[in-house]
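One structure below.
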Amino acid sequence: MAHSFTGSLVPCSNMWPTRAKKLLTVHIQTLDVDMEFSVPYKATGKEVFDKVTNTMGLRETWYFGLQSTKTTAGQMWIIDEKRIVDQVYISDDNKPVQLNLLVKFYPQDVNDLIQDITKHLFYLQVKDQILSRIIFAPAEVCVMLASYTLQAKYGDYDPQKHKVGQLGNEQLIPEQVMNQYQLTKEGWEQNVINWYAQHSCRSTVDRDREWAEMQYLMIAESLKMFGVNYFLIQNKRGTDLWLGVDACGLHITEMDSQQKPKIAFPWSEVKNISFQDKKFTIKPVNEKTEDFKFFTKNIRTNRMILQMCVGNHELYTRRHKGDTLVVQALKQQAKEEKKRKQVEREKLEKERRMKEEAMRQREELEFRLRKFEASARKANDKLQRSEEAAEILEEKVKLAEEEANLLAKRATEAQQEILRIRQENNKNNEENLMLKEKLQHVEENAHQAASKAEVGATEAYRLKQELDNAREREKDARGRLMEITQQSVLHDKADILSYINKEESLSTVKKKEELVQQLESSRLEELKANEEFKTQLNSVKSTLDALKVDGTPVEEPIEYVDEDKYQTLRRITAGETRSRIAFFHSL
């Protein structure tokens, strides 16, 4: 019998027990932050990578990759399509899987970087590579780079805060570079601080962390080992050579120095890349040219070379095809973000200027107030001295009046004595002579007393005149004090009104005009800074050469000391592809 059923089958939840989904704990370490989360046990490398970049808000994912050091083959990049558990070592105690988010591919120009977080991660990794000597930099360049490290960490130079010995234990100069010169750690710090101080006064652009980190990267990308991954290879003759893979193409260098590339093959000449066992084959665009072949020690190295070649070639193709919609959106977002930050910086700068102006006005008013107070104190002291002098003169007048009264009383008594003597003179002629003599004597005394009384009266009149003059001066001093006080109040009111009017006039300036002027000024300053950079490096180099330890080997190749990275690239890519391949096999 045939049976049929239409509809849908819905299994009962009680028929089979549900199994808990097995999870894998992943610990992601970057040079900036660490994070830890759980993913499905069978998660692929791309799933984990996408979760990390989404968590960090990192959109320029094509530059980065996940790397693990705990693999069966050692350090390697995680492959996107394969499961994590198939690529790393999983411990029995369920410890988190340790992965590093690192820069895997570098752009031809660091100005192609868009997001601030992308620039920051590039800056941290390049700085770490320079300090660990993965990327070689001469001593003078190390000093310049260290000065931008301080600018990125502390902002503008402050002579009160940024002194030798107060910058913490952060490494600024590679240890091997420091050992080549007769300079202490404090001496290196002083050289770095000298250049750090110049960043604040040499440019008018905003010197925030992003600016300093980009200056660091722009200097670092001119170094010959910047962004290059090196692999040990052999040519047909079995000669050990270095293969460098970067954003420009493939570079071949001899074993004695990775800074002296002999030949190079730009990506524009490469058509196909493949390997079989330990042999690696690169097909040129020109089909008439023989293949470029070399050999490695193991297949794992070939896989890593293939990864780096494919990734860098894709970036090269992306750069020459124009911006994708994602890149256009990122650039527009970065432009808007930059504009927003510029507005915020202008606002903060305006507030800072207003605060400085207010502080200046306050200091000026306080100075004038102190000046008025000093004038008032002087007038008050003068008034007090005048009052004291008036009191002394008043005492002198009083004493003079008392002395004059006493002398007048004595003169009256003398006159009375004269009258009495004259009356007695009539009584006795015999006593006349004696009385005349006595009278003469008394008259002389009376005359002297009258003279003294007249002098006392004159002195009393003079002191009284001085007292009147002192009171007049006291009155003038009080009037002057009142006038100074009124002038202080009037001046303070006038200053406050003028400051308010000035602030109101500042607020009416057009923002567009200010922005155009600031951008033009920034452009001119940057052009001037680029022209002065080589002169600055020569100045640092001449200073350090005088302190170089005798017998120290010269790390920079002498024959290329005046040749920059891009001049070297043009030289080693000159000529036909077949001639460069033949030269490779002859090494």
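The values are calculated or read from the model by the stated rules, or taken from the named source; none is laboratory data. Being a predicted model, the structure only gives us computed values, none of them experimental. The area values use the complete protein model at the heavy-atom level, side chains included, leaving out ligands, DNA and RNA. Shrake-Rupley method; radii C 1.70, N 1.55, O 1.52, S 1.80 Å.
In terms of distances greater than 23 angstrom between alpha carbons, the cross-link table entries Lys278/Lys321; Lys104/Lys127; Lys224/Lys341; Lys22/Lys82; Lys22/Lys46; Lys51/Lys224 yield Lys278/Lys321; Lys224/Lys341; Lys51/Lys224.
Solvent-accessible area of the range 131-229 (1.4 angstrom probe, protein heavy atoms only): carbon and sulfur portion equals 48 percent. Accessible surface for the range 150-287, divided over its residues, is 46 Å² per residue with a 1.4 Å probe.
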